[in-house]
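Presented below is the structure to which this report refers.
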Amino acid sequence: MTGNYSIFNHLFVCLFVFLKSKLFWTVWGDNARIESSYLDGSGRVILVHKDVLWPSDLALDVANSRLYWADIKKASIQVIDVHGKQQPITVWKFKHGMSSHMIGFNIR
């Protein structure tokens, strides 16, 4: 890396979830996104890159093959299928001020 590269401008949230030997993770920064790959790093795919601001707190619904995440800047929880073949759907909006305190969530 050269120039003014800063890890803090491209912070990876290392929240890995395993499903059929796959990893899922988020990337913060100017090009925020959610990605997946196989455990060996092959098959890397960007699942979400449009209209995502600060994705964090991944949760996986294995039975329905859905990936949920909190977007702190959008103050919402969103969902996609684990293959990224659908547009993200907002399933919950935070009350004012609540999103800045998000630490984690679970899917029942």
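The values are calculated or read from the model by the stated rules, or taken from the named source; none is laboratory data. Since this is a predicted model, take the numbers as computed values, not measurements. Cβ atoms come from the backbone with ideal geometry, glycine included; neighbour counts cover every protein chain shown.
Restricting segment 45-88 to residues that are of a type in the set (S, T, N, Q) and either without any contact (Cβ under 8 Å) to a residue 12 or more places away in the chain or under 10 Å from Ile34 (Cα atoms) (or both), which is surrounded by the most Cβ atoms within 10 Å (Cβ to Cβ)?
Taking the candidates together, the pick is Ser56.
Any residue at all in segment 46-60 that's small (Gly, Ala, Ser) and part of a loop (DSSP other than H, G, I, E, B)? Talk me through it step by step, then tell me what you get.
Going through segment 46-60, the residues small (Gly, Ala, Ser) turn out to be 56, 59.
Filter once more, so that each one left must be part of a loop (DSSP other than H, G, I, E, B): none.
No; the residues of segment 46-60 include none that is small (Gly, Ala, Ser) and part of a loop (DSSP other than H, G, I, E, B).
Kindly indicate the residue of segment 19-41 that is assigned to a loop (DSSP other than H, G, I, E, B) and over 14 Å from the mean Cα position of the chain (by Cα) and also modelled with the lowest pLDDT among those meeting that condition. Residue satisfying both the conditions and the ranking: Leu19. Tallying residues that are in contact (Cβ under 8 Å) with a residue 12 or more places away in the chain and farther than 18 Å from Lys73 by Cβ within segment 33-42 yields 5. State whether one or more residues within segment 66-83 are among the aromatic types (Phe, Trp, Tyr), at pLDDT below 85 and either within 13 Å of the chain's Cα centre (by Cα) or not in a strand (DSSP E or B) (or both). Looking through segment 66-83, none of the residues is among the aromatic types (Phe, Trp, Tyr), at pLDDT below 85 and either within 13 Å of the chain's Cα centre (by Cα) or not in a strand (DSSP E or B) (or both).
Flag: Arg44 does not match the condition of being modelled with pLDDT of 85 or more, more than 20 Å from Phe94 (Cβ to Cβ) and in contact with a Pro (Cβ under 8 Å, 6 or more places away or on another chain).
Residues checked against (1) in contact with a Gly (Cβ under 6 Å, 6 or more places away or on another chain); (2) aliphatic (A, V, I, L, M):
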{"residue": "Ser37", "(1), (2)": "yes, no"}
{"residue": "Asp40", "(1), (2)": "no, no"}
{"residue": "Arg44", "(1), (2)": "no, no"}
{"residue": "Lys50", "(1), (2)": "no, no"}
{"residue": "Ser56", "(1), (2)": "no, no"}
{"residue": "Ala59", "(1), (2)": "no, yes"}
